[in-house]
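**Student:** Pasting in a structure now, in structure tokens, and then I'll have a few things to ask.
The values are calculated or read from the model by the stated rules, or taken from the named source; none is laboratory data. Source: prediction; values computed, not measured. Cβ placement follows ideal geometry from the backbone for every residue including glycine, while neighbour counts extend to all protein chains displayed. Surface areas here come from the heavy atoms of the whole protein model, side chains and all, with no ligands, DNA or RNA. Shrake-Rupley method; radii C 1.70, N 1.55, O 1.52, S 1.80 Å.
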Amino acid sequence: QVQLVESGGGLVQAGGSLRLSCVASGRAFSSYAMGWFRQAPGKEREFVAVINLNSGSTFYADSVKGRFTISRDNAKNTGYLQMNSLKPEDTAVYYCAADPLTTEVRKNKPNYWGPGTQVTVSS
């Protein structure tokens with residue numbers, strides 16, 4: 001198993017930037033694909049981005065493509081989501097997730113979840 005804890009959320013004005021971190025413990029982080037999801041009030045949880053085990057492949061939701069960048073540092077057991085040009089519609093609780101298979105993360109079925117961190121973008 002792997003345990004995940006997010007940090008870096010907060011309040012930012014539209015057009016600003018935030019960097020989320022996801023620290024993993026337990027089984028080796030490098031054994032898992034890592035992704036980010038978000039859930040806004042009254043909305044379903046949605047996929048944001050995923051990165052494979054060794055940073056060789058990434059995939060983004062169309063809504064964040066060109067603005068968000070996912071990365072990982074396996075030596076530090078940490079994943080990141082750099083969020084630039086933030087919009088009010090990006091406001092949500094952001095969750096880190098992990099699964100042995102990248103495709104399972106993309107399908108919104110990862111095995112492991114962090115508790116989430118709030119991101120609020122003001123207009």
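**Student:** When you count, for each residue, the other Cβ atoms within 10 Å and take the mean per peptide, how do 9-19, 75-85, 106-116 rank with the highest first?
**Tutor:** Working: 9-19: 14.0, 75-85: 18.1, 106-116: 16.0.
So the order, starting with the most tightly packed, is 75-85, 106-116, 9-19.
**Student:** Please report the relative contact order for region 33-91, taking Cα pairs under 8 Å with a sequence separation of at least 6, and give it as a percent rounded to a whole number. Intermediate results must be reported in sequence, preceding the final value.
**Tutor:** Numbers: 76 pairs, mean separation 14.1, N = 59.
Averaging sequence separation for qualifying contacts and normalising by length gives 24 percent for region 33-91.
**Student:** Given points 7 Å out from each Cα along the Cα-Cβ axis, report the Ser25 to Asp62 separation in nanometres with one decimal.
**Tutor:** Reported label-point gap for Ser25 and Asp62 is 4.1 nm.
**Student:** Quickly estimate the mean residue ellipticity at 222 nm for the chain, helices only: each DSSP H run with n ≥ 4 gives -39500 (n - 2.57), and the total goes over all residues, rounded to 500. Numbers along the way, then the final one.
**Tutor:** Working: 1 runs with 5 residues, N = 123.
So the helix-based figure for the chain works out to -1000 deg cm²/dmol.
**Student:** For the chain, report the accessible area per residue in Å² (1.4 Å probe, heavy atoms, rounded to an integer). Intermediate values should be presented prior to the final figure.
**Tutor:** On the way: 6120 Å² over 123 residues.
Averaged over the residues of the chain, the accessible area is 50 Å².
**Student:** Describe numerically, in nm with one decimal, the distance between label points set 7 Å from Cα along Cα→Cβ at Lys87 and at Ser55.
**Tutor:** With each label placed 7 Å out from Cα toward Cβ, I get 2.9 nm.
**Student:** Counting other Cβ atoms within 10 Å of each Cβ, which GluC sites (Glu not before Pro) in region 1-73 have at most 10 and sit in a DSSP loop?
**Tutor:** On the way: sites: Glu6, Glu44, Glu46; in loops: Glu44.
Of the GluC sites (Glu not before Pro), the ones in loops of region 1-73 whose Cβ has at most 10 other Cβ atoms within 10 Å are Glu44.
**Student:** May I ask you to give the percent of accessible area on the chain that is carbon plus sulfur, with a probe radius of 1.4 Å? Walk me through the numbers on the way to the answer.
**Tutor:** On the way: 2830 of 6120 Å².
Result for the chain: 46 percent of the exposed heavy-atom area is carbon or sulfur.
**Student:** Count the lysine pairs in the chain whose Cα atoms sit under 23 Å apart, keeping only pairs 8 or more residues apart in sequence or on different chains. Walk me through the numbers before you get to the answer.
**Tutor:** Details: Lys43/Lys65; Lys43/Lys87; Lys43/Lys107; Lys43/Lys109; Lys65/Lys87; Lys65/Lys107; Lys65/Lys109.
For the chain, the number of qualifying lysine pairs is 7.
**Student:** Assuming 0.36 nm per residue, please report the length gained on full extension of the stretch Glu44 to Leu101 beyond their Cα-Cα distance. Present the calculation step by step, with values, prior to reporting the outcome.
**Tutor:** Details: separation 57, 0.36 × 57 = 20.52 nm, distance 2.23 nm.
Length gained between Glu44 and Leu101: 18.3 nm.
**Student:** Right, something else. Would you mind computing, in nm to one decimal, how far apart the modelled labels at Ala14 and Asn111 are, each placed 7 Å from Cα along Cα→Cβ?
**Tutor:** 4.2 nm
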